[in-house]
Amino acid sequence: MAEEGAGQLTQRSLSSGALLVNLEIPEDTQAGILGRPIKSSKQYLRHVIAEYETLDRELPCIRKFSTPPAAQPLCLCMETSEDFTHLEVLEALEAELPGAMESGCVSSIRFENVNVICGTAGRRDRWLITVTDFQTRSCLLRSGISPRGLAHSLVRHDELLLGDYRLHLRRALVRRHMLQALGAEPTEED
């Protein structure tokens, strides 16, 4: 039961989580005591919107994920802005690993147009090379490949996807904070 007396709201039988609120202390001061941000709602809203706009400027195109990416430990990636063909990438692989496809060391070569996936322009495309064993993966990670004589390093595709996923989570969190500050309900996308 709650009871009022001398400008103070008190609780007779305190249950777990019950708070005593002093009606004479301004709300922003009580918010600070309770661990909530002391800023006014307008300041907080400006801060959240500025954070979202900064993120938008820094990272205008972020790949979206509906679920965390699955691990692909034998998949390597070459990021490039050059327009290579599958044949050129295969020839570069063959230069490092003669008979790569025939011997079964490389199981697939795929092109991933990141600009189409993210709905933007200016991002580097990715060539995904799936190998069949860790020895081949280690060899290619050390050597890289050189399509048209242009040296390109290879990286683990999992590392790139994890970086993309972290950016997605960061933007989703900032977006959720912005929507909450605006009083809107986050959607399933968030």
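Every number in this text was worked out from the coordinates using simple rules, so none of it is lab data. Predicted model, so just to flag it, every value in this text is computed and none were measured. Here the Cβ is made from the backbone with ideal geometry for all residues, glycine too, and neighbour counts use every protein chain on show.
How big is the gap, in Å, between the Cα center of the stretch 86-141 and the Cα center of the stretch 152-174? With the stretch 86-141 and the stretch 152-174 each reduced to a Cα centre, they are spaced 18 Å. Identify the GluC sites (Glu not before Pro) of the stretch 93-190 meeting these criteria: DSSP loop state and at most 12 other C-beta atoms within 10 Å of the C-beta. Answer in residue order: E102, E188, E189. If the segment from A95 to L173 were pulled out straight at 0.36 nm per residue, it would be longer than the present Cα-Cα gap by 23.6 nm.
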